[in-house]
Structure formats: C-alpha cells, structure tokens
C-alpha cells in the first residue's frame with residue numbers, strides 16, 4: 001500500500017511538471033490578450049481614448065476606424081478585472097495618460113451571472129495584489145482558492161495559453177441572428193437572461209454588489225489620474241428586454257443601481273442599447289453585434305464621441 005502511494009505521488013509529480021513545462025512553452029508563444037496589453041505599454045504613441053470592457057466593447061467598435069482610440073477590451077472580462085487592468089496601465093510610467101476611458105454599462109455589465117464568470121484569470125491574477133483579494137467580498141475564500149490554484153496549476157487555464165476559441169470568435173462574427181427561426185431567437189434570449197445573467201431563481205439578485213463596488217472604485221481611479229470616463233450601453237436585441245420585462249422585472253430595465261452611481265458622479269452615458277433592437281441581422285446572438293453590426297455601429301459611436309469631446 002505504501003509503495004503504491006509512492007508510485008501514485010511520483011506519477012502525479014511527473015504529470016504535473018510535464019503539463020507545467022508544456023503550458024509555459026505554449027504560453028510563451030503569446031496570445032492576443034497579452035499582445036494587446038504589451039503593445040500599449042511599449043508604445044510611444046499617444047492615445048486620446050482607451051476602450052475598455054468586455055466582448056460588447058470588443059465586438060461593437062472597430063478601433064481602426066476611430067483616430068486616437070486604442071482597445072484593451074477583452075472577451076469575458078468583467079468590470080472588476082477591467083479595474084485592475086486600467087489601474088496597472090495608469091500606474092505604469094511607460095504609458096502616457098489618456099484623456100478618456102470608454103467603459104460599458106449595459107444590462108449585462110454588472111449582472112450577478114456575468115460577474116461570477118471571470119475568464120482569463122491566469123492573466124488578471126498577476127495584476128491583483130494578494131492583499132486586495134479580500135475585496136471580493138461575495139466569495140472571499142473562492143478568491144484565495146483561485147489565486148493559489150492558478151499559481152500552482154496554471155495549466156488548468158488552457159484557454160489563456162492556447163486561445164483556442166479565437167477562431168470560433170471569427171466564425172461567430174459572420175453569423176446573423178436573424179437566420180434562426182423567431183421562436184429560437186426568443187429561446188436563446190431567454191436562456192441568456194435566465195441562465196447566464198440571473199444565475200439563480202432569485203430575481204432580486206440580478207446585480208452583483210462587488211461589481212457595483214468596483215464601478216465606484218473605477219470612477220475614483222479615473223478621477224485620481226485625471227482621466228474622464230465615458231460609459232456606453234451597447235446595442236442588444238429587443239428579445240433581451242422583452243424577456244426581462246415579461247419574465248423577470250421591468251424595473252431592471254428602467255432603474256439600475258449602476259446608473260445611479262454613474263449619475264451621482266455626473267458622468268456621461270451614451271445609450272445605444274435599443275439602436276438596433278429590431279435588427280437581429282446585425283447580431284450573431286441576442287446581445288452581440290456581428291461584423292455587419294460592428295460596421296454599422298462604429299460610425300455612430302464615432303459621431304457621438306466627436307460631439308461629446310467638444311463639451312466634456
């Protein structure tokens with residue numbers, strides 16, 4: 001029995017170190033998140049506006065069509081992780097401070113379900129001081145567990161190392177939500193709201209307290225660094241709003257604690273949530289624009305930003 005235990009332990013160590021070596025080999029080949037982060041840190045170019053946030057930021061705006069804009073937005077990134085990314089960038093002396101930072105504030109951004117899903121943890125873990133893990137008040141022990149787990153076993157996040165989903169993202173960009181039967185479009189929106197945003201049957205828990213706290217922290221961080229935040233509500237299909245109105249609670253559309261915080265600081269919110277609500281052909285799912293939608297939306301946001309820059 002003792003010999004068997006030794007063999008198992010040795011085997012575990014061999015497998016562990018083999019995966020560790022393989023992970024570091026693959027990870028050293030880089031991926032798009034690290035490349036974008038490194039590029040802005042090492043760049044001598046001044047960017048007037050930084051686009052931050054999640055896939056809504058990433059999939060809705062073509063940064064190459066707007067002068068002075070650089071995107072650090074990334075898929076699956078919640079506003080807690082965005083805070084630490086911005087904090088690191090602003091505190092890094094190699095980066096010239098931008099004048100503006102664009103941040104999402106739509107119905108998804110501060111939802112409980114979205115904030116329980118934090119992808120690319122292996123990357124963000126390095127940006128979060130161990131002493132600040134207690135900030136994750138909703139799941140303190142889970143935060144410490146994740147930190148230790150990713151330190152000892154970083155290869156469990158193969159998505160970060162290999163970025164295998166990148167090709168799938170490109171394929172999704174070409175899809176049209178309108179090609180699905182209407183009943184299926186509604187069903188997809190229902191699944192998104194009920195299973196991904198709500199993350200429970202307790203409808204009063206749609207918004208995540210930790211996420212709202214980090215919204216406040218992000219605003220204060222921008223003020224401390226003389227950067228002006230601009231909040232955007234990105235386009236979504238009407239199916240999302242209908243599902244919330246009919247099967248959750250309409251007040252989540254009309255009264256949002258996130259907007260109360262933003263309005264308290266007298267900051268601008270550019271609202272485009274319903275701009276394409278009846279154009280499912282411009283989306284690939286109920287809440288993400290496809291390439292055609294991105295092409296349509298980019299000049300709209302550019303004009304809105306140009307107007308805002310004159311008075312803000």
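Here are some notes:
- Rounded to 5, the percent of DSSP beta bridges in the chain classed as antiparallel: 10
- Sequence-distant contacts, meaning Cα pairs under 8 Å at least 6 residues apart, place the relative contact order of segment 53-125 at 39 percent.
- Ellipticity estimate at 222 nm from DSSP helix runs (n ≥ 4, -39,500 (n - 2.57)) divided over the chain, nearest 500: -15500 deg cm²/dmol
- Acute angle (nearest 10 degrees) that the helix 2-27 long axis makes with the longest principal axis of the chain, alpha-carbon atoms: 40
- Nearest 10 degrees, 0 to 90: helix 238-247 Cα axis against the chain principal axis: 80
- Using distinct alpha-carbon pairs, which all enter the 1/r mean, Kirkwood radius of segment 220-259 in Å: 12.5
- Geometric extent, Cα atoms of the chain - Rg, Dmax (angstrom): 20.7, 76
- On a per residue basis, the convex hull of the C-alpha atoms belonging to segment 188-275 measures out at 100 Å³.
Every number in this text was worked out from the coordinates using simple rules, so none of it is lab data. Computed from a prediction, not measured in an experiment: that's the story for all the values here.
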